[in-house]
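Following: one structure in C-alpha cells, then a few remarks.
Derivation of every value follows stated rules applied to the coordinates shown; laboratory data play no part. Fair warning: this is a prediction, and the values are worked out from it, not measured in the lab. FYI the Cβ positions are ideal-geometry reconstructions off the backbone, even for glycines, and counts take in every protein chain you see.
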Ligand SMILES: [Zn+2]
C-alpha cells in the first residue's frame, strides 16, 4: 500500500520536474528567438527607412532645383539660381535671341516670366558654330529608347543639336527615331549593333560584322552613311582582350571617326542618380575647356537624365562664351586612346 503510494508520488515529482524543465527551457529559448526575429526585422526596416530617406532627398532636391533654391549643402546652386545670378551680372553674352520656351516638366517659365522673355542665349539654331570659346557636345549613347522622343523634344525647344550614338534596333518605331534624329539636324553616330562587348571585341572579324550591321541599318533607315562611332565602354574600355588599336584601324580604314568623352554625366553608374547630380556632373568644368564632349545615356532605365536635360542646357548656355553643337567632321575628337 505504502509502496504504491511512494511510486505514485515519485511519478508525480518526475512529471513536475519534466514540466519545470520544459518551462525553463522555453523561458530561456523563447526570448532569444524573439530577440533574433526582432533584430532581423529591425535591420530590414532600417533598410527601408534609408531607401525612403534617399527617395525623399531626391524629391526635395529636384523640388529645390525648380524653385531656384540653394542645395542642401549650400555649396552648389541650382541652374535657375545660377542663371538668375548671371542675368543680374548682365554677363550672359548673346549672338541669337531665342524664345526660351522651356520643357513642360519645368515650371521655370511660369515662375520666372521675366526671364523667359529677356534671356539672351548663345546658341546656333542650325547647328553651325558661332565661334564661341567653349564648345559643348551633348552625346547620348545606347538609344533609341522610350525616351528618345522626349530628348528630341527638349533639344528642339531649346534649338540645340546633339549627337546620338545608337545601337541596332529594327522595329518600325526605332527606324522612325533614327530618321527623326537625322531630320531634325542631329548627328546620328554608331555605338555598335549588338552592344555585347564579348561579341564585338572577340576578333577583328566579329567587330567588322557588327560594324557592317549597324552601318547598313542606319544607312537604309536614313539614306545617310554614318561617319562617327563610339566604342561600347569607350576606346579605353578594360573589357576587350584584344588591343583596341586593331578596331581603331578598322574604323580608320573606313574613314569613320571615333569619339570618347571628357565629361561624364555619371548616369551609367549602377544606381539611379538624381537629376540634380546629373546636372552637376554634366556641366562640370565646361567654362575651363575649349571642347567638352558630355557622355549621357538615352535609355529606359535613365529617366533622371531626361529630367535633368532642360537644366543642363540652360546652365551650359548661361556660361559666358559657350555653345552647344552636334558632332561633325569639323569637331576636334576627344579620345581616351589615340
Ligand atoms: Zn553603351
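Each peptide among 167-178, 308-319, 146-157 gets the average number of other Cβ atoms lying within 10 Å of its residues, and from highest to lowest they stand as 308-319, 146-157, 167-178. Remark: the residue 176-residue 242 segment gains 20.2 nm on full extension, using 0.36 nm per residue and subtracting the alpha carbon distance. A protection proxy built from the mean count of other Cβ atoms within 10 Å ranks the segments 242-251, 130-139, most packed first, as 130-139, 242-251.
Taking N as the residue count of segment 291-338, its C-alpha radius of gyration divided by 2.2 N^0.38 Å amounts to 1.36. Peptides 16-22, 235-241, ordered by how many other C-beta atoms sit within 10 Å of their residues on average, highest first, read 235-241, 16-22. Its Cα gyration tensor gives segment 194-311 an equivalent ellipsoid, and the semi-axes of that ellipsoid, as √(5λ) in whole Å with the largest first, are 28, 16, 16. Approximating the spin labels as points 7 Å out from Cα along Cα→Cβ, the residue 128-to-residue 204 distance works out to 4.2 nm.
Our summary of shape: the Cα atoms of segment 247-338 have principal axis extents of 41, 33, 18 Å, ordered from largest down, in whole angstrom.
Remark: spin-label model distance residue 18-residue 301 equals 6.0 nm, labels positioned 7 Å along the Cα→Cβ axis.
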